[in-house]
Amino acid sequence: MPLQLSAITEATAQLIATAMLRLDTPGAGFTDITGHVASFLAQIGAGEGTLLIFLRHTSASLTIQENADPDVQSDLISALDRLAPEDAPWIHDVEGPDDMPAHVKAMLTGVSLHVPVTGAKLALGAWQGIYLVEHRRKAHSREIVLQFVGSRK
């Protein structure tokens with residue numbers, strides 16, 4: 001397939017908006033935050049730009065992943081558990097056996113995302129959602145910084 005570049009859209013940055021999203025996780029697993037993020041963009045009147053999503057924690061992470069089949073999320077949790085098992089000989093275990101594996105999983109998957117915003121909408125693919133991934137077994141309260149830089153709608 002030949003390379004194709006879409007029409008180039010230009011916009012002058014007129015808006016920098018920041019908010020904190022706080023949510024409680026039920027424990028290990030995926031929490032879909034796509035709707036909360038889209039609501040933030042609508043509330044600020046975002047047009048064209050970039051959204052930074054940053055998680056202020058070291059034992060959870062952020063990811064963009066398939067939003068259609070929940071088996072994908074189960075398989076990803078299983079894969080991360082195989083990569084960083086609780087029964088490995090970790091030195092850091094002050095907060096319990098799931099703490100150090102949670103740090104490793106967060107390092108592997110990351111705590112920040114950049115998502116383009118085009119036409120006032122997240123430029124996600126048809127089957128993509130934005131997720132907070134809790135790596136600890138117990139429920140935790142998590143803080144996510146949302147920051148949009150771009151034009152107004």
Checklist line | Alpha-carbon centroids, the stretch 117-153 and the stretch 32-85: separation in whole Å | finding: 6
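Select from the chain the helices, each a whole stretch of DSSP H, whose alpha-carbon atoms run 18 Å or more along the helix axis and whose Kyte-Doolittle mean is at least -1.0; answer none if there are none.
Values: long enough: 70-83 (20 Å, 0.01).
Passing helices, by number: 70-83.
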Next item on the list: Convert each backbone phi in the stretch 50-61 into a coupling constant with the Karplus relation 6.51 cos²θ - 1.76 cosθ + 1.60 (shift: θ = phi - 60°), then list the ³J(HN,Hα) values in order as whole Hz, x for Gly and Pro.
Entry: 10, 10, 9, 10, 10, 8, 8, 8, 10, 10, 9, 8
Check: HN-Hα J couplings of the stretch 122-135 from phi, Karplus 6.51/-1.76/1.60, θ = phi - 60°, integer Hz, Gly and Pro as x?
Finding: 4, 8, 7, x, 4, 10, 9, x, 9, 10, 8, 10, 7, 9
Notebook entry, point to check: Using modelled backbone amide H atoms (1.01 Å from N, in-plane), which distant-in-sequence or interchain residues come within less than 5 Å of His140's amide H?
Noted result: Thr25, Gly27
Checklist line | Using a Förster distance of 22 Å, the FRET efficiency for Val149-Arg22 (Cβ separation, nearest 0.05) | finding: 0.50
Note to self: Taking 8 Å as the Cα distance limit and 6 or more residues as the minimum spacing, I'd like the relative contact order of the chain as a percentage.
What the structure shows: 51
Notebook entry, point to check: For Cα extents along the principal axes in Å, the choices are (i) 53, 40, 24; (ii) 51, 29, 27; (iii) 66, 44, 29; which was calculated from the structure?
Noted result: (i)
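Laboratory data are not the source of any read-out in this text; all were calculated from the coordinates shown. What you see is a predicted model, and the numbers here were worked out from it, not measured in a lab. Cβ atoms come from the backbone with ideal geometry, glycine included; neighbour counts cover every protein chain shown.
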